[in-house]
Amino acid sequence: MFEKLLRFFVENSRLNYFLFISVFLTGIILYTKTPKEIFPSFELDMVSVNGHYAGASIDMLDKMAVREIEEQIRNIDGIDKMATIISAGKFNIILELEKRVDKYNIADKVKDTVTLARQYLPSDMDEPTVKVLDIKRNLMRIAVSSDEVTHAELVEAANELKERITALKHIAEVTIYGDSDKYYDIKLNAEKIQALGLDENSLINVLSGVSYIYPAGTIEDEKKGFYYLSTYNGPKDAQSLLESRIEVEGKTLYVKDIATVAKRYEDTETLYSIDTQNALDLNIKQSPAGNALELSEAIEILVREHNANHPEITYTIHNDRSTAIKDRLNIIVSNILLGLILITLLMVLLINKRMAFIIFLGIPTSFVMGAAYLYFAGYSINMISLIGVLIALGIIVDDAIVVSENIQQHIEEGILPKEAAVLGAKEMFKPVTIASVTTLFAFIPALMLHGTMGEVIKLIPIAVSVLVLASLIESFIFLPIHAAHVLNKKEKTTSWRRANILYSRIIHYFMKRRKRFLALFVILVPILTIWGVKMSKFQMFPKFDATSLTLTLKANVNTTTEETLRYLKKIEEDLFENKDLFFIDHIGSVAGWRRDSAGNSETYPYVGQMVIELKKLKAQNFVDRFITPALSFYYDSTGRSREEKSRIIAKRLRKFIEEKEYKERFGLSDLAIVEKKVGPIKSDLKVGLVSNDSQKVMYFSEKIQEKLNKIKGVVSVNNSMNYGRDEIKLQVNTYGESLGLNEKQIGSLLADAFLERRIAIAFDNSDLLEIKVRSEEKETLEALENFRLKLSNGSFVSLKEVVSFRKIRSFEKIIKDGGIKNFYIYANVDSKTITATEVLERLSTILEEAKQAGIKIVLKGEAEKKQELKNDMILAGSVAMVLIMLSLLYLFNSFRETFMMMSVIPFAFLGVLIGHFLLGINLSMPSIIGMLGLSGVVINDGIIMVMNLKKAQTIDDIFLYASKRFRPIILTSITTLIGLSTLIFFPTGQAAIFQPMAIALGFGLAWGTVLNLLYLPVLYTILNEKRLAR
């Protein structure tokens, strides 16, 4: 059947070439249409529940709402983990779902559960919202600043640009930092109200009727017409509102008699600054379906228009992710093209130019078929998929080398080219297919990795598998006809006589001493491997050069947003004075929001964050300097002035802020420089303390943090046990009870006065505005104590006469895992100095003491992910070994030969350890995945060797057949190593994340080649000594 298919495509050459050209052109077109990204898009299997209750303390919110909702959610099947964060006035519950459950179905069940729990929640609390979490990618930011226009005009300009950007297809969200909404602010004068003998609450109720925007009904008069009914919708400006006449407790007056009214912007939660200048900042996010490069170009056109139309306002694009995407794609694509060129030149040198041309044709053909698959499967062209291509580059050449070389041998024997093409391809079909299948079986189990990192990494095995399959198709459909037309008998392959003689001498030497050699080998290699593992350090992911660094701070809890911005601007000014020293491009600061050093999002007036955007990095090596510019699609040489990597700059920044003593000068509780990380681990170390005894928790927390601060290599320490604003508890005293007062009455009266609240909605000439009321004298403790309460008999009493005041210290936030309160200590490390695992070992004594004291220890961060990785890799590795063994059993139909081949895999791991040691790289998750892939790649050459050794009848035949396989084994190994070489030795930017994977594959294969050329022939001879001796 297969021979008929081969003959069909060889004999119908015109059809074959038409199909070849069609596939090639289609693949190129689909590549251009596929979205370009840094990392792949994937869906989050998460559901969130968000609730708000203004003015509620953390403890109150937990007792009234969160516990009840958590209790109901626990009864839903399909939820893996539940994490809750409670802050004053709001809470957020994140539900991580189990694999293979319908997240929308779970979300519906959660909504039903929240609705059922609604009966237990406060009546004036809005129902919590439930939504499925989606990925929204940061695209770019645009700062809007001016020295000439007012803040209100700046807000209008920012909103105008926001509307135009939001109208673009695939823009998911545009958030404005420093923005605020307009509203009518009614500020009551307490002295005037008191002088008129009015009750403030009664006055507020009357003011709520000044505007009514809702429909009043319809009129359907057949004679005079049909009409909609509505009111005038309230006054249209502040002056009209002041002139409104109202009646309160039988007294007629105007609003201006007891209040002032102004149309103003709300006090924003955040304030923004860029390059020391106050500004607004638009944070633009795209949907996963969008093409970042096309969207960036469209937005740049809009920004140029706005800069031209509004010369008094400056629109500055910064944090443009499209620039990073182009840089990352340039690096990987140029490495792929370099590998392709080097492999082709090597084939010309080591085989001949005709065969090199045939092999060259096969590589881009496989690539375009792979690109077509990515397009139709809905994936993007990104750094991960291109890393998969780079890894597969040398592997997919192997098929073409083996098949074309076999065809050439038959042509040299005198067989006609077309017949030689059919015969040569037919003979290689089974071993080449099995070799490809073993590669697939090694990489595919990596799809079993779960969680966010599994979703990101899975594109590597997908890309490798698709390209391996594409290479198979190319090798047995297109390559034979190319070989039949290009190869000929006259042009011989390059002589390998000297290399074969050298190999023959080496193998003869080891064969004569085969038993001693094998005994030493089997003893020394495992010992060295075990010793290497024990001596190696492990980190989840290697660090990479980032385009920006983040400074994050937290001030005293009583600090206002304006004060926080002042602190940030002072640091900003100092850094901007030294921008050349730190290679700074832009500095953007936001007060009122931050991500702390553990990656937690916080929204408080006293927190802030500064993003320090760095200049583009100068060329670091030969490849960056000459190859990337020449072989890139999007290369831009402008602005490449940074001479140091982000890791070095981060160290110098930490020293700078320490010398400036910002922490002491501004009374900051936290100040840290945070470097970008990859994957779900936002904090290298995350130690949770669970106990009902807060004093014990605080004691051991301080002890752990003290120890961490003394460990060299720990760059930041933080915790979740910060105290927030104090809470004042009011308890009705005996006198208050005698007057008939209770907590409900007290709470209701105070809420009306001390919670600025919306009382109505009105239209102005263009917008829908809220009307809010507040008292101008309610901002002090003295005003609270003297607050006048109206009794049922019409008399008044001050609050301090009827209640007792008690201050309670309250945590800033509470973190709960599975409904259980958990207090965390976070730390980040410099992995060049120490790893998170080593830090945990140094904390072991304190952690054991804490356990003895009754505190439960929960390890998250790298420790948790490391354990998950271990479990996943044990399962994935076991599956890979079983699948590889099954394929080998099918090929050899022998347990002896199968286990002989399988023994190469664990021995090859020594090469992985040697590679990491020589390059000074820690073992990491990519290393482990590389070792998994190595399991399939390393035995491909072994298959070629053993298939030939099986033909041997004597020991002399062993030398003959081993020498015959020397060239193809060396060629396939060299091509794979060349494909990986740039990633091994010249990784740049985020490509450095996958350097350990390339090291594992490259050095593992190099050592595996030695195993296949020496160890396998010796082992085969010993195991078949009786048969060969006959």
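The values are calculated or read from the model by the stated rules, or taken from the named source; none is laboratory data. None of these values were measured; they are calculated from a predicted model. Positions of Cβ are generated from backbone atoms using ideal geometry, with glycine treated the same way; all protein chains shown enter the neighbour counts.
Residues are listed down the side, and each one gets a yes or a no for (1) in contact with a Leu (Cβ under 7 Å, 6 or more places away or on another chain); (2) farther than 17 Å from Glu68 by Cα; (3) surrounded by 15 or more Cβ atoms within 10 Å (Cβ to Cβ):
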residue: Tyr104; (1), (2), (3): no, yes, no
residue: Asp108; (1), (2), (3): no, yes, no
residue: Asp112; (1), (2), (3): no, no, no
residue: Leu121; (1), (2), (3): no, no, yes
residue: Arg137; (1), (2), (3): no, yes, yes
residue: Met140; (1), (2), (3): no, yes, yes
residue: Val144; (1), (2), (3): yes, yes, yes
residue: Asp147; (1), (2), (3): no, yes, no
residue: Ala152; (1), (2), (3): no, yes, no
Of the criteria (1) within 30 Å of Ser475 (Cα to Cα); (2) in contact with a Leu (Cβ under 7 Å, 6 or more places away or on another chain); (3) among the aliphatic types (A, V, I, L, M), which one Met46 fails: (1)
Answer from Leu923, Leu932, Leu919 - the residue that is closer than 30 Å to Asn871 by Cα, surrounded by fewer than 20 Cβ atoms within 10 Å (Cβ to Cβ) and touching a Phe, Trp or Tyr at 6+ places or on another chain (Cβ under 9 Å): Leu919
Number of the exception - Lys537 against (1) over 29 Å from the mean Cα position of the chain (by Cα); (2) modelled with pLDDT of 85 or more; (3) among the basic types (Lys, Arg): (1)
Within region 342-357, considering residues that are of a type in the set (Val, Ile, Thr) and free of Cβ contacts under 8 Å to residues at least 40 places away in the same chain, the one nearest to Ile627 (Cα to Cα): Thr344
Residue within region 388-397 that is over 29 Å from the mean Cα position of the chain (by Cα), at pLDDT below 85, in the same structural domain as Leu346 (by TED's automatic domain parsing) and assigned to a helix (DSSP H, G or I) present: yes
Candidate set: region 350-387, residues that are among the small types (Gly, Ala, Ser) and outside any helix (DSSP H, G or I); chosen: the one farthest from Lys326 (Cα to Cα): Gly378
Qualifying residue in region 493-505 (condition: in contact (Cβ under 8 Å) with a residue 24 or more places away in the chain and within 30 Å of Lys4 (Cα to Cα)): yes
Region 38-67 - residue that is among the acidic types (Asp, Glu) and surrounded by 18 or more Cβ atoms within 10 Å (Cβ to Cβ) and, of those, farthest from Tyr723 (Cα to Cα): Asp45
Any hit, region 832-846, residues being modelled with pLDDT under 90 and farther than 30 Å from Tyr699 by Cβ: yes
Filter pass, Leu6 being in contact with a Phe, Trp or Tyr (Cβ under 8 Å, 6 or more places away or on another chain), part of a helix (DSSP H, G or I) and within 30 Å of Lys430 (Cα to Cα): yes
Test: residue in region 163-171 that is in a strand (DSSP E or B), at pLDDT 90 or above and within 37 Å of the chain's Cα centre (by Cα): yes
Single condition Asp670 does not satisfy, out of (1) farther than 30 Å from Asn578 by Cβ; (2) crowded, with 17+ Cβ neighbours inside 10 Å; (3) modelled with pLDDT of 85 or more: (1)
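Which residue, of Ser973, Ser927, Ser963, Ser981, is modelled with pLDDT of 80 or more, hydroxyl-bearing (Ser, Thr, Tyr), closer than 30 Å to His450 by Cβ and outside the structural domain of Leu345 (by TED's automatic domain parsing)?
Ser927
Return the residues of region 832-861 that are of a type outside the set (D, E, K, R) and more than 28 Å from the chain's Cα centre (by Cα); say none if nothing qualifies.
At the first step, the residues of region 832-861 found to be of a type outside the set (D, E, K, R) are 833-837, 839-840, 843-847, 850, 852-855, 857-859, 861.
Across region 832-861, the qualifying residues are Leu843, Ser844, Thr845, Ile846, Leu847, Ala850, Gln852, Ala853, Gly854, Ile855.
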Hits in region 203-238 - residues which are loosely packed, with under 11 Cβ neighbours inside 10 Å and either among the basic types (Lys, Arg) or closer than 18 Å to Asn189 by Cβ (or both): Lys223, Lys224
